[in-house]
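All remarks here apply to the structure that follows.
The values are calculated or read from the model by the stated rules, or taken from the named source; none is laboratory data. Just so it is clear, the model here is predicted, and its values are computed rather than measured. As a convention, Cβ positions derive from the backbone with ideal geometry for all residues, glycine included, and neighbour counts pool all protein chains shown. When the accessible area is computed, the model is the full protein with side chains, heavy atoms only, and any ligands, DNA or RNA have been set aside. Shrake-Rupley method; radii C 1.70, N 1.55, O 1.52, S 1.80 Å.
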Amino acid sequence: MIIIKSPREIELMAEAGRVVAKVFEEVGPLVKPGVSTLELNDAAEAVIRREGAIPSELGYCGYPASICASVNEVILHGIPSAKKILKDGDIVSLDLCATKNGYVGDACRTYPVGICGERALRMIRIAQECFEAAVALVKPGVHLGDVSHAIEATAAKYGCSVPRDFTGHGIGTSMHEDPYIPCYGKPGTGPILREGMTICIEPMILEHHNAVRIMKDGWTVVAKDGGLTSHYENTIAVTSSGYRILTQL
Ligand code: MF3
Ligand code: CO
């Protein structure tokens, strides 16, 4: 069941989204060679709590940290660790959620570490371009399949692929609500967008083949072929004429 939010609820979600955006503003500049992903986790958690919010990922389905920090071939759910030290040329995605006044904001950015080569920078750009292409279609009456298809088609333009088993999602008082929003789809199919829906569009991009593997920790998802990966996400609200990005300042 897709839950439609009232204008008041959308303002509450925008406040949770603002906290998430604030984390990127403050923690993004800390992404440098020599920093551990645990340090980024702790800095993000401190901002979330200072802003009167809760790190929604901590304890979610048993997840052991406040953010996901996924480096290079890790596409999703990298568990922050003191042992994972970022090095020049890496790319790292920070995927994080904040709950404030009962509503959740969820977003992800992929950052270059130090000086990155064109191969890595291209992955960062492709994830963002996939998001832009998909969100540009959002307005009442549009099928979600159109939005999903735009992600896949944009990735394919660059010879990249998208995972089959991990998707975007509705969001509200829970991190994950209906509908699921795959990164691939058929135009003209799927649920129809309506004003007041709040959704997370999150292109997850694999450099080559779309096969992934979950590591023994039960969380870390990696590209099976070892290629680079990137991820970009915002929480958005469907408005009367289009969309509003909630995870921004
Ligand atoms: N924030 C992720 C998403 O985009 C979910 C992370 S799973 C968690 O949906 F366990 F880390 F919370
Ligand atoms: Co999400």
Problem set entry | Flag for Val162 being open to solvent by less than 10 Å² (accessible area, probe 1.4 Å), more than 16 Å from ligand 1 (Cβ to nearest atom) and touching a residue at least 12 places away in the same chain (Cβ under 8 Å) | no
Exercise. Of the residues that sit in segment 200-209 and are part of a loop (DSSP other than H, G, I, E, B) and open to solvent by less than 50 Å² (accessible area, probe 1.4 Å), which one is farthest from ligand 2 (Cβ to nearest atom)?
Worked result: Glu207
Seminar exercise, completed: Exactly one of Leu30, Leu76 is under 20 Å from His231 (Cα atoms), out of contact with any Pro (no Cβ under 7 Å at 6 or more places or on another chain) and without any contact (Cβ under 8 Å) to a residue 40 or more places away in the chain, and that residue is Leu30
Problem set entry | Wholly within segment 1-106, strands (runs of 3 or more DSSP E) carrying at least 1 residues that are of a type outside the set (Val, Ile, Thr), in contact with a helix residue (DSSP H, G or I) (Cβ under 7 Å, 6 or more places away or on another chain) and farther than 25 Å from Glu207 by Cβ | 91-100
Exercise. Of everything in segment 189-199 that's closer than 18 Å to Pro7 by Cα and part of a strand (DSSP E or B), which residue is farthest from ligand 2 (Cβ to nearest atom)?
Worked result: Thr198
Exercise. Could you give every pair whose Cβ atoms fall below 9 Å, whose first residue belongs to segment 106-118 and is farther than 13 Å from Leu30 by Cα and away from ligand 1 (no atom under 13 Å from the Cβ), and whose second residue is open to solvent by less than 10 Å² (accessible area, probe 1.4 Å) and charged (D, E, K, R), counting only separations of at least 6 or pairs across chains?
Worked result: Cys116/Asp90
Exercise. Of the conditions (1) in contact (Cβ under 8 Å) with a residue 24 or more places away in the chain; (2) away from ligand 1 (no atom under 16 Å from the Cβ); (3) open to solvent by 10 Å² or more (accessible area, probe 1.4 Å), Thr99 fails just one. Which one is it?
Worked result: (2)
For this session: Test Gly227 against the stated conditions and say whether it is in contact with a strand residue (DSSP E or B) (Cβ under 8 Å, 6 or more places away or on another chain), small (Gly, Ala, Ser) and not in a strand (DSSP E or B).
Result: yes
Problem set entry | Within segment 75-96, tally of residues that are within 16 Å of ligand 2 (Cβ to nearest atom), open to solvent by less than 40 Å² (accessible area, probe 1.4 Å) and either within 16 Å of Gly218 (Cα to Cα) or not small (Gly, Ala, Ser) (or both) | 6
Exercise. Any residue at all in segment 166-181 that is within 29 Å of Gly117 (Cα to Cα) and assigned to a strand (DSSP E or B)?
Worked result: yes
